[in-house]
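All of the numbers you see were taken from the coordinates with simple rules; none came from a lab. As the structure is a prediction and not an experimental result, all values here were calculated from the model. Note that we place each Cβ from the backbone using ideal geometry, even for glycine, and neighbour counts take in every protein chain shown.
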Amino acid sequence: MSTPQTTSGFVNIDNAKIYYETAGTGMPLVMIHAGVADSRQWNNEFAEFSHNYQVIRYDMRGYGKSEPVDGEFSHLSDLVSLLNALGIHDPLVIMGCSMGGGLAMDFALTHPTRVKALIMVDAGPGGLELDTAAPSTFADAEKAFEAGDLDRVAEIETQIWFDGTGRMPEQVNQAMRKLLYEMDRLALSHEVKQLGKRLPNTEVPAVDRLKDLAIPVLLIVGSHDTAYMLAAAEYMQEKITSARKVVIEDAAHLPNMDQPHEFQGIIKDFLVSLSS
C-alpha cells in the first residue's frame, strides 16, 4: 500500500511560522508532541494512520521547525489558528503526549463540539499537583542548563524520559533514543533564545473541569515513566467517567517510540470503537 502524499508548510500566526504536515483523508487525527520532542515523535504513526484518516502533526512554537519569536502567545490559540487555517472543522480525534496531551485536553474542554475523542499519552491535566518523588536527575539537568551545557541537558533528559525508571540506555531502541536526543537538543537551542512569553491555555485549569469531558478518553502510559506520570494516569482514570487506561510495559514517557506496533494496535482498536 503506497503512503498518501504529505502536504507540509508553515502557517503564519502572530509573526510566528508554525510548521505542519498533513496526509490522508477521512476523520481528522491530530497528533501533538511532547515537550522534549517535536512532530517527528509521530513519524511511525503519521505514516501508519494516513492510510485511513486525515493525519495532522505540527511543531509547537519553540520546537522543531517552528522558531520562537517575540510576543505573547498560548499553545492553545496557536493550535486553534492552525486548524482553522488548514480548514479542519469536522469533529476530530486529538492525541497528545506529555505537554502535548495537556494541550489536547485543553482544546477538548474549550472546543467540545470540535472533538470526537481524546488520547492522552503519558500526560496529565493542566494544574494537577501530586505528591510524588521526582527523579534526582532533574536537578542535574537544571545545573547543566545553567552551565550552558545543552548536550549534557539533552542526554540527562533522554535518560529520564526515554530510558525511564529502571531501564539502562542500552536496553532501549537506539535509533529512537537518538531521535529523541536530537529533538530535545533542538528544543533546548530554541529555549535559550528566551523569545516569546507563553500564557496559560485556559483561565480555569483542566484539572478542575475533568467532569466536563463527555467524550471517550483513552489514557496510555509507559510503565517505566516517572511516578508523577503514572499517578496522573490513575487520577484521570478515577475522575473521568469515560476514560480507559492502558499500560505499555516495556516503555517510558514516549511509548509510541518505544513500542510502535503495540502502541498503534491500541490506537487502532480505539479508533475503530469510535465508529462502531
State the Kirkwood hydrodynamic radius of the range 184-264 in Å, one decimal place, computed from all pairs of distinct Cα atoms. 15.1 Å
Rounded to the nearest 5, what % of the DSSP beta bridges within the range 1-76 are antiparallel ones? 75 percent
Rounded to the angstrom and largest first, Cα extents along the principal axes for the range 132-183 equal 29, 27, 14
Give the lysines reachable from Lys65 as a straight Cα distance under 23 Å; neighbours fewer than 8 places away on the same chain don't count. Lys17, Lys178, Lys193, Lys197
Over all directions, the range 26-78 yields a Cα convex hull whose mean projected area in nm² is 4.0 nm²
Binned at 10 Å starting from 0, the alpha-carbon pair-distance distribution of the range 1-153 in whole percents comes out as 11, 37, 34, 15, 4
Could you give me the percent of Cα pairs per 10 Å distance bin for the range 92-171, shortest bin first, beginning at zero and ending with the bin that holds the maximum distance? 17, 32, 31, 17, 3
Stokes-Einstein diffusion coefficient for the range 174-222 at 20 °C in a medium of 1.002 mPa s, Rh from the Kirkwood formula over Cα pairs: what value in µm²/s? 144 µm²/s
Rg and Dmax of the range 122-210, Cα atoms only, in Å: 15.5, 43
Quote the relative contact order of the range 17-127 in percent (integer), defining contacts as alpha-carbon pairs under 8 Å separated by 6+ residues. 29 percent
One finds the C-alpha centres of the range 1-62 and the range 246-261 to be spaced, in Å, by 20 Å
Grab the eigenvalues of the alpha-carbon gyration tensor for the chain, scale each by 5, take roots, and send me the semi-axes largest first in whole angstrom. 25, 22, 20
Here the Kirkwood hydrodynamic radius of the range 128-276, Cα-based and in Å, equals 17.4 Å
Among 143-150, 12-19, how do they line up from the highest to the lowest mean number of other beta-carbon atoms within 10 Å? 12-19, 143-150
Taking Cα pairs under 8 Å and at least six residues apart, what relative contact order does the chain come out at, in percent? 19 percent
